[in-house]
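The values are calculated or read from the model by the stated rules, or taken from the named source; none is laboratory data. None of these values were measured; they are calculated from a predicted model. For neighbour counting, all protein chains shown are included, and Cβ atoms are generated from backbone atoms with ideal geometry for every residue, glycine included. To get the accessible areas, we keep the full protein, side chains included, count just its heavy atoms, and leave off ligands, DNA and RNA. Shrake-Rupley method; radii C 1.70, N 1.55, O 1.52, S 1.80 Å.
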Amino acid sequence: VLPIILIIASLIIAIYNQSVGNNIILHWDFVGNITSEGPSEILFILPIVMCLVYYVLLYNEEHPEQINRIKKIPNNIKSNNTWRKYWYILRTLTMLLLLYITVCSAKLLIINSILVCSLLLILIWLLFAAFHRLHKK
């Protein structure tokens, strides 16, 4: 439910920004300085990307056998439940990251590159942790 709420929030921000007519930020450097801006219509791409990412991650959560082609992860109820928990957390954090980028692009917050990099590292760590934990079982 939470990832869907985050997608809806991103869409509301895009609609709000469109009604205000502000330009959006397209790119920042690592320090957080704005390097390019663009029209507010482009902000609608982020909710669409969020939907696509959501469904890809949801598919991976529901079909662990598709990712487990090496067959090193046991295919049982306990492993599948653990797999689903990791993917739910991964999906939720990914949606939070994309919502944060949407909010920053709409100039409602100032981007913090350390926060973005930290979230990306946590997402990568979660993915490897899921594979490692399930491989050991």
task = May I ask which residue of Leu11, Thr94, Leu58 lies farthest towards the positive end of the charge dipole of the chain, with charges of +1 (Lys, Arg) and -1 (Asp, Glu) on Cβ and the Cα centre as origin?
result = Leu58
query = Quick one: accessible area per residue over the chain, 1.4 Å probe, rounded to a whole number of Å²?
reply = 61
Euclidean distance of C-alpha centroids, the range 1-62 and the range 87-137, integer Å = 14
For the range 21-66, convex hull volume per residue from C-alpha positions, Å³ = 97
query = In debye, nearest 20: dipole of the chain around its Cα centre with unit charges on the Cβ of K, R (+) and D, E (-)?
reply = 960
query = Relative contact order of the chain: what whole-number percent is it, with Cα pairs under 8 angstrom and at least 6 residues apart?
reply = 32
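In what sequence, highest mean first, do 12-23, 81-92 appear when ranked by Cβ atoms within 10 angstrom?
Ranking, from highest mean packing down: 81-92, 12-23.
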Size-normalised alpha-carbon gyration radius of the range 1-49, reference 2.2 N^0.38 Å = 1.25
P(r) tail fraction, the chain - alpha-carbon pairs more than 27 Å apart, % = 31
